[in-house]
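Single-structure report; data block below.
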Amino acid sequence: NLLESELFGFEKGSFTGATQSKKGKIESANGGTLFLDEIGDMPMALQAKLLRALQEREVDRLGGKRPVKVDVRILATSNRNLEAEVNAGNFREDLYFRLNVVPIRLPPLRERTEDIPELVRSFLAKAAAEGLPWKIIDNAAMDRMKDHSWPGNVRELENLIRRLAALYSQEVITVE
């Protein structure tokens, strides 16, 4: 219900705690693009409602009496193989085809280790801009990062760099 109210919005009084009406993310993105992260985790009932909204180009707010017209592009990601999820009955085939207009496969970080040094530099600069101490990663430590399989992908790398910036007392981060 929380995800549904976030996506589609709600009218005042539509549920306990709905003290005022609120636009959903789809309606708020009207005329633009909405990014949906990990679409493969969306419950089937909500997939059906999203598909209808995309096909009809309108959303029904929770507790609403009339649909609201929208013109929105959807950019969706998933770490799951959605084709396999469709075949397993876990993702709606019609929604998959509606979303799969321009598929872009971004390989996992373990398949593009040449990106790691630039990502590390970027995350270190971001951490420093947020007030954490500036750090340097030595070559051996960088090589160790390239050898890691990164099951959490770029988010795992970013969290490691933030943790090192926040907790490691030395300026130069080594393998040790």
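The values are calculated or read from the model by the stated rules, or taken from the named source; none is laboratory data. If you're wondering where the values come from, they're calculated on a predicted model, not measured in any experiment. Cβ sites come from the backbone with ideal geometry, for glycine too, and all protein chains shown count toward neighbours. Accessible surface is based on the protein model in full, side chains and every heavy atom, while ligands, DNA and RNA are left aside. Shrake-Rupley method; radii C 1.70, N 1.55, O 1.52, S 1.80 Å.
For the range 75-113, which residues satisfy the criterion of being under 30 Å from Met145 (Cα atoms) and either among the basic types (Lys, Arg) or in contact with a helix residue (DSSP H, G or I) (Cβ under 8 Å, 6 or more places away or on another chain) (or both)? Across the range 75-113, the qualifying residues are Ala76, Thr77, Ser78, Asn79, Arg80, Leu82, Arg105, Pro108, Leu109, Arg110, Arg112, Thr113. Failed condition for Asn30, given (1) more than 30 Å from Gly152 (Cα to Cα); (2) at pLDDT below 95; (3) polar (S, T, N, Q), with all others met? Going through the list (1) more than 30 Å from Gly152 (Cα to Cα); (2) at pLDDT below 95; (3) polar (S, T, N, Q), Asn30 breaks only (2). Criterion applied to Lys69, Lys22, Lys65 was being farther than 24 Å from Val154 by Cβ, touching a Phe, Trp or Tyr at 6+ places or on another chain (Cβ under 7 Å) and either modelled with pLDDT of 95 or more or open to solvent by 50 Å² or more (accessible area, probe 1.4 Å) (or both), and the one residue passing it is Lys22. For the range 122-176, which positions are over 23 Å from the mean Cα position of the chain (by Cα) and of a type in the set (S, T, N, Q)? Matches in the range 122-176: Asn139, Ser169, Gln170, Thr174. Among the residues of the range 53-62, the ones that are in a strand (DSSP E or B) and surrounded by fewer than 12 Cβ atoms within 10 Å (Cβ to Cβ) come to 0 in all. Within the range 1-19, the set of residues being open to solvent by less than 70 Å² (accessible area, probe 1.4 Å) and farther than 23 Å from Phe97 by Cβ comprises Ser5, Glu6, Gly9, Phe10, Glu11, Gly13, Ser14, Gly17, Ala18.
Scanning the range 25-37 for residues that are open to solvent by 80 Å² or more (accessible area, probe 1.4 Å) and within 16 Å of the chain's Cα centre (by Cα) returns Lys25, Phe35. Taking each residue of the range 70-90 that is within 16 Å of Met44 (Cβ to Cβ) and without any contact (Cβ under 8 Å) to a residue 24 or more places away in the chain and looking for partners that are open to solvent by 40 Å² or more (accessible area, probe 1.4 Å) and not in a loop (DSSP other than H, G, I, E, B) with beta-carbon atoms closer than 6 Å, six or more apart or interchain, yields Val86/Glu93. The helices (runs of 4 or more DSSP H) found wholly in the range 75-176 and carrying at least 1 residues that are at pLDDT 95 or above, in contact with a Gly (Cβ under 9 Å, 6 or more places away or on another chain) and exposed (fewer than 13 other Cβ atoms within 10 Å of the Cβ) occupy 153-167.
Here Lys146 does not qualify as touching a strand residue (DSSP E or B) at 6+ places or on another chain (Cβ under 6 Å), touching a residue at least 24 places away in the same chain (Cβ under 8 Å) and either farther than 30 Å from Ala48 by Cα or of a type in the set (Val, Ile, Thr) (or both). Within the range 39-50, can one find any residue that is assigned to a strand (DSSP E or B) and either over 20 Å from the mean Cα position of the chain (by Cα) or among the hydrophobic types (A, V, I, L, M, F, W, C) (or both)? Looking for residues that are assigned to a strand (DSSP E or B) and either over 20 Å from the mean Cα position of the chain (by Cα) or among the hydrophobic types (A, V, I, L, M, F, W, C) (or both), one finds none in the range 39-50, hence no.
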